[in-house]
Structure formats: structure tokens, C-alpha cells
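Notes to accompany the following structure.
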Amino acid sequence: MNLKARRIIGVDESGKGDFFGPLVVASFYAEKSEESRLLELGVRDSKLIADKKLIEIAEILKYSYPYSIKIYHPVDYNHIYKKIKNLNKMLAEGHAYTIKNMLEENEAEIAVSDKFGKTELIENELKKKSCHIDLYQIVRGERIIQVAAASIIARASYLDEMNKLSNKIGFILPRGASAQVDQIGKKIAADCGTKIFENISKTHFKNYQRILKPSLFDT
């Protein structure tokens, strides 16, 4: 990685492993001189921050720094996935989209993302968008503070969308893809029907089939 770079875009996502809710990709731009301030604000891997505090930090970041968000709402997510059958390609498109948005008004030297698949996936999407920047994809990308900031913004946006969906359908939607998710899903199916899942969940997850086809041992 270009350690001399001073103007950095970080990119990360949220919702990839959650049955309910959207997939969110966010990018964040800050110069290296801002890293001390970001640390003071509490920026680190979003998975290590409680929701209330994370939302507070996200609001400060969005007020103070350039950022871009791409939300794949469930209905759009499911439509795209049925065509391409590849989550990493969708992620790559989202990463490229938000990077390009950042470059329209910010002269970044490099972009850094958490590595999630073949390196050429994002690179190819950037080429399609005629977007040229040195891109680094690294494992545990949140070690780079701009990536950690992007992860916070993405997670805050995901939580906001989950709250909206929960209020809309009258059920508190759980995160993840556990047995608890299946239980809530079955209650939603009983009350609202199965068509609703196209609008609130990622239907290629195994949870969807378990909800539609209950086990003989279910009571």
C-alpha cells in the first residue's frame, strides 16, 4: 500500500450477512492529517461499537467529512441477485459507485476497501465507470481509519433502514441469520403472507426456505 498517500478514500459495507434489511455500501474521505481527530471521535471497526454510540459517531462524520452511500433495498437487491447470482459482484458495483462519487469532488490519491472477493471485481467495475484511482483491497481493512469510518456510516445507515422496515411492518426485525431470525420470519409469514419477504429480506438466504418450508418438528 502507498504509505505516503495523504488523501484517502475508505470503503466498507453493512448488511451482507443479515437476512433482513438492505445491503449498504459507504465510502468516506479524509486526509491523513485528520486521523488523530478521527481516533478522538472514537472511529474504529463498527462491529466493536454499541449501536447508540455508533449512530452518534456516524452523524458527526457525515456532518464533518465527505461520504457517499449506496443502499440496495431488499426489492432491488433481490432483483439484481436473481440476475447475477453473485453477491460479490453486487458489492463490487456498490464499492465502485461510491468511490466514483467521492472522486467527483475530492482529489483522493488512493482508495482502500476491506477485501471480500477477487481483487479484479472492484477494479473491473471502476473501469466500467471510467474511474481511475489506485485501489488497495486488504484483509481486516478496518485497520485503516478511513475504512473504519466508512464501516460506521454504512452500519448506521443499515440500522436506520432496519428501523424503518420494522416500523412499517409492525415487527422488530432481528439482525443476522440465526434461528431467532427464522422464528420471527415465520410469525411475519403467518401475519403478512410470504410475498412481503421480497421487500424486507434477502431471499437467496437459507432462512427464506426454512421460513417457507417449516420442519416437521416445528410447533
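The values are calculated or read from the model by the stated rules, or taken from the named source; none is laboratory data. All of these numbers come straight from a predicted model, not from anything done at the bench. Quick reminder, even Gly has a Cβ in these numbers, built from the backbone with ideal geometry, and neighbours come from all protein chains shown. Remember, those area values only see protein heavy atoms, side chains included, never the ligands or the DNA or RNA. Shrake-Rupley method; radii C 1.70, N 1.55, O 1.52, S 1.80 Å.
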Review point. Which condition number in (1) of a type outside the set (A, V, I, L, M); (2) free of Cβ contacts under 8 Å to residues at least 60 places away in the same chain; (3) closer than 30 Å to residue 4 by Cβ; (4) part of a loop (DSSP other than H, G, I, E, B) is the one that residue 120 fails?
Key: (4)
Review point. In the range 94-104, how many residues are touching a Phe, Trp or Tyr at 6+ places or on another chain (Cβ under 9 Å) and without any contact (Cβ under 8 Å) to a residue 40 or more places away in the chain?
Key: 0
Review point. Residues of the range 16-46 being assigned to a helix (DSSP H, G or I), in contact (Cβ under 8 Å) with a residue 60 or more places away in the chain and open to solvent by 30 Å² or more (accessible area, probe 1.4 Å), which ones?
Key: 35, 39
Check your understanding: Would a scan of the range 80-88 turn up a residue that is open to solvent by less than 50 Å² (accessible area, probe 1.4 Å), over 24 Å from residue 135 (Cα atoms), out of contact with any strand residue (DSSP E or B) (no Cβ under 8 Å at 6 or more places or on another chain) and modelled with pLDDT of 95 or more?
Key -> yes
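Yes/no per residue for (1) touching a Phe, Trp or Tyr at 6+ places or on another chain (Cβ under 7 Å); (2) modelled with pLDDT of 95 or more; (3) open to solvent by less than 50 Å² (accessible area, probe 1.4 Å); (4) assigned to a loop (DSSP other than H, G, I, E, B):
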residue	(1), (2), (3), (4)
142	no, no, yes, no
148	no, yes, yes, no
154	no, yes, yes, no
157	no, yes, yes, no
173	yes, yes, yes, yes
203	yes, yes, yes, yes
